[in-house]
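Participant: My questions will all concern the structure given below.
Nothing in this text is a laboratory measurement; each read-out follows from the coordinates by a stated rule. Just so it is clear, the structure is predicted and the values come from calculations on it, not from any experiment. We place every Cβ from the backbone using ideal geometry, glycine too, and count neighbours over all the protein chains shown.
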Amino acid sequence: MSTSLLEAMLPEVLDVAVSNETLSVELSDGRTLSVPTGWYPRLAYATDDERAHWTIIDQGHGIHWRDLDEDVSLDGLLGGRPSGESQGSLKKWLAQRTPATKGP
């Protein structure tokens, strides 16, 4: 697998915090990116416990929430791109959740 020059220049994700309002990502170059949690509906509907269980993926260029089946790329965050999940997919995912994890 080859790595593009842009990927090689991207900082890495160091830490993640998710609140009801904000997804904040601390980067290796000293920046902290913050975007509305609503950009990622699965995070918006998640419980605090689900939001807390994330892992860094893609050699530091992405974040994965296994319990939510949600991935956020650093490239997408830097580019200001919210989730591309369709309303149909989100509705199907919400319907599969238990009452205790239905969220807001």
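Participant: Counting Lys and Arg as +1 and Asp and Glu as -1, what is the net charge of the other residues whose Cβ lies under 9 Å from the Cβ of Leu74?
Facilitator: Numbers: positive: none; negative: Glu12, Asp58, Asp75.
Neighbourhood net charge equals -3.
Participant: If you don't mind, there's one more thing I want to ask. Please give the length that would be gained between Asp48 and Ser28 if that part of the chain were fully extended, namely 0.36 nm times their separation in residues minus their C-alpha to C-alpha distance (nm, one decimal).
Facilitator: Gain on extension, Asp48 to Ser28, equals 4.7 nm.
Participant: While we're on this one: Compute the angle between helix 87-96 and the longest alpha-carbon principal axis of the chain, please, reported from 0 to 90 degrees and rounded to the nearest 10.
Facilitator: 60
Participant: Based on the mean of other Cβ atoms within 10 Å per residue, sort peptides 29-40, 61-72 so the most packed one is first.
Facilitator: Ranked from most to least packed, the peptides come out as 61-72, 29-40.
Participant: Something else now. What's the extension gain from Gln87 to Met9 if we count 0.36 nm per residue and subtract their Cα-Cα distance? Could you put the intermediate results ahead of the total?
Facilitator: Details: separation 78, 0.36 × 78 = 28.08 nm, distance 3.37 nm.
Contour length minus the Cα-Cα distance gives 24.7 nm.
Participant: A follow-up question, please. Grab the eigenvalues of the alpha-carbon gyration tensor for the chain, scale each by 5, take roots, and send me the semi-axes largest first in whole angstrom.
Facilitator: 25, 14, 12
Participant: Additional query: Output wanted: per-residue J couplings in Hz (rounded whole) for segment 11-28, from phi through Karplus 6.51 cos²θ - 1.76 cosθ + 1.60, θ = phi - 60°, x for Gly and Pro.
Facilitator: Whole-Hz 3J(HN,Hα) from phi for segment 11-28: x, 10, 6, 9, 8, 9, 9, 10, 10, 4, 9, 9, 9, 10, 10, 8, 10, 5.
Participant: Further, regarding this structure: Subtracting the Cα-Cα distance from 0.36 nm times the residue separation, let me have the gained length for Asn20 to Ser73 in nm, one decimal. Each step should come with its number before you reach the end.
Facilitator: On the way: separation 53, 0.36 × 53 = 19.08 nm, distance 1.98 nm.
Working it through step by step, the gained length comes to 17.1 nm.
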